[in-house]
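Student: This is the structure I want to talk about, given as structure tokens.
The values are calculated or read from the model by the stated rules, or taken from the named source; none is laboratory data. Quick caveat: nothing in here was measured; it's all calculated off a predicted structure. Note that each Cβ is placed from the backbone with ideal geometry, even for glycine, and that neighbours are counted across all protein chains shown.
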Amino acid sequence: MLIGEVARRSGVSARMLRHYDALGLVRPTGRTGGGYREYSDDDIRRIFHVESLRSLGLSLQEVGRALDDPGFAPSKLVDDLIRRTRERIAAETALLTRLSRIDAAEPAGWEDVLHVVALLQALGSESAGKRQRAALASVSSPSPASPASPSSPSPPASSAPPAEEVSVPVEALVEAALSETDPHVAGALRWALAQSGDDGLVLLAEGLRSPAAAVRRRAVRSVTEIPGGKATALLRGALTDSDIVVRRCAALALGARGVADAVPTLVAMVVDGANDVDAADALRTLANGPMRADGPASADRIATALVDRLARRAAGSSVRRRLTQALAEIPGATADRTLAELSHDEDRAVALTAAYVLTLRGARQDDGRS
């Protein structure tokens, strides 16, 4: 079969067949009466073998070795092909992600594109300082218009905004926040996300479902700085997280927002001595806050929860002191009665703390009546 017919039937161009011939990869073994080279059935089978191996990503040199070396073992080459393919997919995925983020920034011109690319590169820098500066610069805030001078013509209505006003897409900020380990950079990223409002909450919700506890911790810390009902709903869900750090972080934020669901976790934090001062402050906020339609914790409910932990036999001296201190700022009859009882506690430190708190509460009440 002549080269033209082989090309038509095999789908391999005549030019490529000649290239195979020049490389010694597939050489036609026959000759016509007119002296033209002719492909035999074996030659055509080899062409299909070459194409099959090329479809796996082998180079022509590797194809030649595979077909001609009897001792050639495919396992190592296949493993290498898998590795190279994964690397190529990762590189292409990274490129697609970057292009998508540039597109999401809606650049008006190449200056905008270059600005976004520079910020994205800085967010991925090995330098913590560069990452922090990129996070702080990632949220655009148009500068106030300066008065036009009489001699300067006004810009046309269709003028594009300056590159500095193009912000980094929130997806890039969330990805950076969920992977950042430097506390200063992480704080800057959380601030940037807070400026974006609810835009990043869908992606942060995915972060809260991550199998990695470290990622969920970063996600919940980012959510705590975003106001609004959607963020609060995510924090409520985080109260049941398997990781105690996630639960505690969510509880502190919910306490500051006046959400009663946080009370059990906050009381447990006082008992465990984990951010117990912050937890007590959150309980005070809940107890003294205004009543809301979503049912915030009443002062008596919080006092009862603290008293219940005081009554447990396992509560040691340090735990009882922390619970007594937490009762100090909880108003109401339940807290007053419990503190009066604790002022005679057999643990002298607990008794002195309760007596001192009662003195302060009495002084405040006298000031209120005068």
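Student: Can you name every residue in segment 61-77 that is touching a residue at least 12 places away in the same chain (Cβ under 8 Å) and exposed (fewer than 14 other Cβ atoms within 10 Å of the Cβ)?
Tutor: Taking segment 61-77 first, the residues touching a residue at least 12 places away in the same chain (Cβ under 8 Å) are 62-64, 66-67, 77.
None; the set is empty.
Student: Let me ask something else. Determine which single condition Leu81 fails, assuming it passes every other condition in (1) within 21 Å of Ser10 (Cα to Cα); (2) surrounded by 14 or more Cβ atoms within 10 Å (Cβ to Cβ).
Tutor: Only one criterion in (1) within 21 Å of Ser10 (Cα to Cα); (2) surrounded by 14 or more Cβ atoms within 10 Å (Cβ to Cβ) is unmet by Leu81, namely (1).
Student: Let me ask something additional. What number of residues within segment 316-366 satisfy the criterion of being assigned to a loop (DSSP other than H, G, I, E, B) and either under 47 Å from the mean Cα position of the chain (by Cα) or of a type in the set (Asp, Glu) (or both)?
Tutor: Total satisfying the criteria: 9.
Student: Look at Ser242 and say whether it is modelled with pLDDT of 95 or more, surrounded by fewer than 14 Cβ atoms within 10 Å (Cβ to Cβ) and not in a helix (DSSP H, G or I).
Tutor: So Ser242 passes the test.
Student: Tell me, please, whether a residue that is surrounded by 23 or more Cβ atoms within 10 Å (Cβ to Cβ) and part of a helix (DSSP H, G or I) can be found in segment 291-302.
Tutor: yes
Student: What tally of residues in segment 170-186 results from selecting those that are over 13 Å from the mean Cα position of the chain (by Cα) and surrounded by fewer than 23 Cβ atoms within 10 Å (Cβ to Cβ)? If you could, list the steps in order and put the result at the bottom.
Tutor: Taking segment 170-186 first, the residues over 13 Å from the mean Cα position of the chain (by Cα) are 182-185.
The next check asks that each one be surrounded by fewer than 23 Cβ atoms within 10 Å (Cβ to Cβ); those that pass are 182-184.
Count: 3.
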